[in-house]
Amino acid sequence: MKNLAVARRYAKALLLIGKEDGQVEAYRNELAVFCKVFQENAGLRHILSNPLHARTARRQILDAVLQKLSMSSITRSFVLLLFDKGRLARIMDVERSYKELADEFQNIARARIVSAVTLSDTAVTGIREALVRLTSREVVLDVNEDPRIIGGIVTKVGDLVYDGSIRTQLRNLRESFKRGEGI
């Protein structure tokens, strides 16, 4: 829990800089690029976290990687600060927190829709419009298919889940019969 609070504090600091210089989205993208490289490269993670290598050498390697990725000076300084403070291992949490804070700042809600079949563009547009009315935010949808839900759709916006799947309705009906409740 403490690590998430620390990650959020660092993310908030970067967001404040992004608000001031209008680069909120650029920093989001740069953090995502670095996190992808960091996550996919076990060798890099090992070198940067291994205390057997000199701290200055590890920092130089990190700086070279950041320059190779063409990071802005702000993002580069931010990631180097995380390294200097011994928080680089929490970079994924920082990125996640930054995304959440940036979405909040930009008035964006991210929603995930799962349906049993492919939804038409008209249906997706209708769902997006309903979610915009519900959240009073711009909605970015992630639409997926999962035939295991049998029919209907499941929508998740933040912590809210709207489950209109037939699978859940059948499960609820079964539980109601188990409790001896009639229809």
Would you check if residue 137 is without any contact (Cβ under 8 Å) to a residue 60 or more places away in the chain and charged (D, E, K, R)?
yes
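For residue 167, are the conditions met, namely being in contact with a Gly (Cβ under 9 Å, 6 or more places away or on another chain) and assigned to a helix (DSSP H, G or I)?
When the stated conditions are applied, residue 167 passes them.
Collect the residues in segment 39-52 that are part of a helix (DSSP H, G or I) and either touching a Lys or Arg at 6+ places or on another chain (Cβ under 9 Å) or in contact (Cβ under 8 Å) with a residue 60 or more places away in the chain (or both), keeping them in residue-number order.
Residues satisfying the conditions are 39, 47, 48, 49.
Take the residues in segment 53-73 that are in a loop (DSSP other than H, G, I, E, B) and among the hydrophobic types (A, V, I, L, M, F, W, C), then tell me which one is least open to solvent (accessible area, probe 1.4 Å).
Top of the filtered list is 71.
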Here is a list: 138, 175. Which entry is acidic (Asp, Glu) and either in contact with a helix residue (DSSP H, G or I) (Cβ under 6 Å, 6 or more places away or on another chain) or closer than 29 Å to residue 96 by Cα (or both)?
138
Residue 151 in a loop (DSSP other than H, G, I, E, B), over 19 Å from the mean Cα position of the chain (by Cα) and of a type outside the set (D, E, K, R):
yes
Residue 94, sole failed condition from (1) assigned to a helix (DSSP H, G or I); (2) open to solvent by less than 40 Å² (accessible area, probe 1.4 Å); (3) free of Cβ contacts under 8 Å to residues at least 60 places away in the same chain:
(3)
Within segment 108-139, restricting attention to residues that are open to solvent by 50 Å² or more (accessible area, probe 1.4 Å) and part of a strand (DSSP E or B), which residue is farthest from residue 24 (Cα to Cα)?
112
Name the pairs whose Cβ atoms lie under 8 Å apart, with the first residue in segment 105-128 and touching a residue at least 60 places away in the same chain (Cβ under 8 Å), the second open to solvent by 30 Å² or more (accessible area, probe 1.4 Å), and 6 or more positions between them or separate chains?
105/19; 106/25; 106/138
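The values are calculated or read from the model by the stated rules, or taken from the named source; none is laboratory data. Everything quoted here is computed from the prediction, not taken from an experiment. Heads up, the Cβs are rebuilt from the backbone with ideal geometry, glycines too, and the neighbour counts pull from every protein chain shown. The accessibility values were calculated without ligands, DNA or RNA, using every heavy atom of the protein model including side chains. Shrake-Rupley method; radii C 1.70, N 1.55, O 1.52, S 1.80 Å.
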